[in-house]
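To start, the structure itself, in structure tokens.
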Amino acid sequence: MFIVFFSGLFLPLIYLTEYLFFEPYFLFYVAEYEILNFLSIVVICALTGLVLSMSIFRIRFLQASTKKLRSGLVGSIIGVGAGACCGGIGVALISIFGAVGGVATSVLTNFEIPLRVASIAILVFTYFMIVKDLNRECKVKFDKFRN
């Protein structure tokens, strides 16, 4: 599941941020000054894949209630949204909203790295909350086996 979520998020994001080109040739290129942005996208996609995979594990195998799963799913959605809001999506904002879109794009461009760091922090927090819940739910009670 991790690979499906990772690649399903990674490929569109690197295409939108213009690291992957399909026309006129298939080309993958990351400039030296864009390495930090690219690495942040990789980390966000990996953490999202991990968090969503763990949430699905909780749903399928532990029959966890959906009320408990809100933190995992909401955290991953917020994390991905904060990380993906920059880059290629800014062009769509300009074309849709005109001058307001231009201002929004300039703000997103100026705060691209801090937004992605916040996204990574949200995903790491969500990961640790899911691990904590899994440890609590999967704990073996040895008192049953001693008697």
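Rule-based calculations on the coordinates, nothing more; no lab input. Computed from a prediction, not measured in an experiment: that's the story for all the values here. Here the Cβ is made from the backbone with ideal geometry for all residues, glycine too, and neighbour counts use every protein chain on show.
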- prompt: Does Phe38 count as touching a helix residue (DSSP H, G or I) at 6+ places or on another chain (Cβ under 9 Å) and farther than 17 Å from Pro114 by Cα?
  reply: no
Taking the range 54-66 and keeping residues buried (at least 19 other Cβ atoms within 10 Å of the Cβ) and among the hydroxyl-bearing types (Ser, Thr, Tyr) leaves Ser55
Counted residues in the range 29-46 being part of a loop (DSSP other than H, G, I, E, B) and exposed (fewer than 12 other Cβ atoms within 10 Å of the Cβ) come to 2
Within the range 13-28, of all residues that are free of Cβ contacts under 8 Å to residues at least 24 places away in the same chain and in contact with a strand residue (DSSP E or B) (Cβ under 7 Å, 6 or more places away or on another chain), the one surrounded by the most Cβ atoms within 10 Å (Cβ to Cβ) is Tyr19
